[in-house]
1. Nearest 5 is fine: what % of DSSP beta bridges in the stretch 139-279 come out antiparallel, could you say?
2. Going out from 0 in 5 Å bins, what whole percent of all Cα-Cα distances in the stretch 291-432 drops into each bin?
3. Please report the antiparallel percentage of the DSSP beta bridges confined to the chain, to the nearest 5.
4. Measure out, as a whole number of angstrom, how far apart the alpha-carbon centroids of the stretch 81-108 and the stretch 121-173 sit.
5. Quick one: if you stick a label point 7 Å off each Cα along the C-beta vector at residue 142 and residue 332, how many nm between them?
6. Under a straight-distance cross-link criterion of Cα-Cα below 19 Å, which aspartates and glutamates are reachable from residue 247, leaving out those fewer than 8 residues away in the same chain?
7. Length gain on complete extension for the stretch residue 325 to residue 421, per 0.36 nm per residue less the alpha carbon to alpha carbon distance?
8. What aspartates and glutamates could a cross-link reach from residue 215, if we take a straight Cα to Cα line under 14 Å and drop same-chain neighbours fewer than 8 places away?
Amino acid sequence: MRVTTAFNKMLGLVGASVASVTFAPEGIVVGLRRRRAKHRCPCGWTTWAIYDRSVRRWRHLDLGAAKCLLEAEICRIRCRRCGRVRTEEVPWARPGARHSRDFQDVVAWLAQRVDKTTIATLLRVSWEAVAKIVTDVVAEAIDDARLEGLVRIGVDEVSYRKGYRFLTVVADHDRGGAVVWVAEGRDQRVLEAFYDELGVERTGRLEAISLDMAKAYKSATDAKAAHVSQCVDPFHVVKLANEAVDKARRWAWRQERRLRPPPAPTIGRPRNDAPPRPRDEVRFVKHTRWALLKDPEDLLESQVAVLDELRRRRSVLYRCWQLKEGLRDLYRVRPAHAAEHLAWWLSWACRCRIPAFVTLAKTVRANRERILAAIELGLSNSKLEGLNSKIRLINHRGYGHHSASALMAMIHLCCGGVTVELPTGRPLPVGT
Ligand SMILES: [Zn+2]
């Protein structure tokens with residue numbers, strides 16, 4: 001078998017055949033001959049006429065230990081439809097890319113699963129190249145139909161760059177919480193831009209939207225989609241309750257620290273007749289955190305003991321825990337009883353004399369209708385809840401530290417239901 005035939009079968013490129021193979025210091029250079037004679041603009045317009053031509057190389061998947069580079073002549077054409085000179089499209093690479101389609105697909109597939117350093121080391125590419133490839137692949141793979149047929153959506157903000165920058169994420173409840181839209185910022189204008197992009201007709205078909213208790217998204221929805229029923233999803237209500245408990249705990253901890261200085265550290269083993277050391281109360285209060293915040297079903301034995309201790313002491317923290325669980329019961333009682341339960345909880349919370357919970361009661365009261373609407377419509381953000389942590393994970397894996405656009409592409413890639421086909425799925429020709 002000739003070398004070119006072997007490479008043809010091995011690479012299995014679509015729309016081109018191997019014309020030459022050279023072993024250069026930078027890797028194996030595979031010269032390609034195109035099957036199609038007509039030149040095609042990325043917009044789809046085709047022509048025979050060329051403007052000028054040059055030779056370009058694309059990095060392809062490694063062959064064993066060697067890098068593999070595809071080399072071919074590429075033309076610029078004067079596109080009548082675009083009205084300017086553009087570089088033609090080739091079948092083995094995306095427009096403007098310096099890596100082959102197969103290479104980019106492998107990078108994108110890995111980006112959905114592993115961190116950036118792993119990809120950069122395994123495939124010998126720079127971090128910047130990984131980010132660029134992800135953006136390219138998403139730009140092509142993103143489904144323009146994702147904004148069609150939206151009925152129930154959820155909006156949430158996610159933070160990145162250590163909580164200093166924000167993105168607004170819109171997800172589709174009816175498609176398992178798939179992300180349909182992402183933009184920078186979290187103010188009213190950002191969500192208004194989403195409604196503008198959706199257009200009057202598609203916005204008119206929306207029925208429900210779940211959001212947080214902040215003003216920005218509410219004002220945007222009031223202004224652009226007043227007919228949509230707004231729901232405050234359980235996730236945000238429970239989150240606020242947890243924050244109130246934690247605020248109270250920190251207050252209690254500061255009180256303890258002021259009242260009782262921590263016991264002096266002892267040196268060496270205590271004598272047998274020494275009085276038992278008093279318990280470090282400051283530490284105890286500090287370490288009640290998880291006992292107070294965790295789901296009662298998930299508590300460890302030691303954490304149950306902590307709660308018991310707080311109950312026995314009639315600690316204010318125990319009352320906080322009761323108030324928090326009381327609010328969470330709103331989502332455990334039958335939907336028909338929810339309004340009654342919420343009224344009971346509000347009257348309890350606003351008279352509890354714990355500042356954090358009095359404030360929470362005010363917020364909950366102001367959002368009463370929207371909280372009950374979520375229960376009535378059965379809009380649970382359980383899928384969106386995971387989104388926040390998933391995005392934090394993406395950020396942690398090294399994507400999107402540098403630019404919002406890279407992070408946004410990664411969110412579409414990992415949470416938007418984008419499927420990447422690996423080149424290994426393609427059947428290879430058999431025979432000799
Ligand atoms: Zn064109």
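Read-outs throughout are calculated quantities, based only on the coordinates presented, and are distinct from any laboratory measurement. All values derive from a computational prediction rather than experimental measurement. Cβ sites come from the backbone with ideal geometry, for glycine too, and all protein chains shown count toward neighbours.
1. So the antiparallel bridges in the stretch 139-279 amount to around 65 percent.
2. 2, 7, 12, 11, 12, 12, 12, 11, 8, 4, 2, 2, 2, 1, 1, 1, 0, 0
3. On the way: 38 of 50 bridges.
Among the beta bridges of the chain, antiparallel pairing accounts for roughly 75 percent.
4. Rounded to whole Å, the Cα centres lie 21 Å apart.
5. Spacing of the two 7 Å Cα→Cβ label points: 4.2 nm.
6. 256, 281, 295, 325
7. Extra length available between residue 325 and residue 421 comes to 30.0 nm.
8. 156, 157, 187, 192
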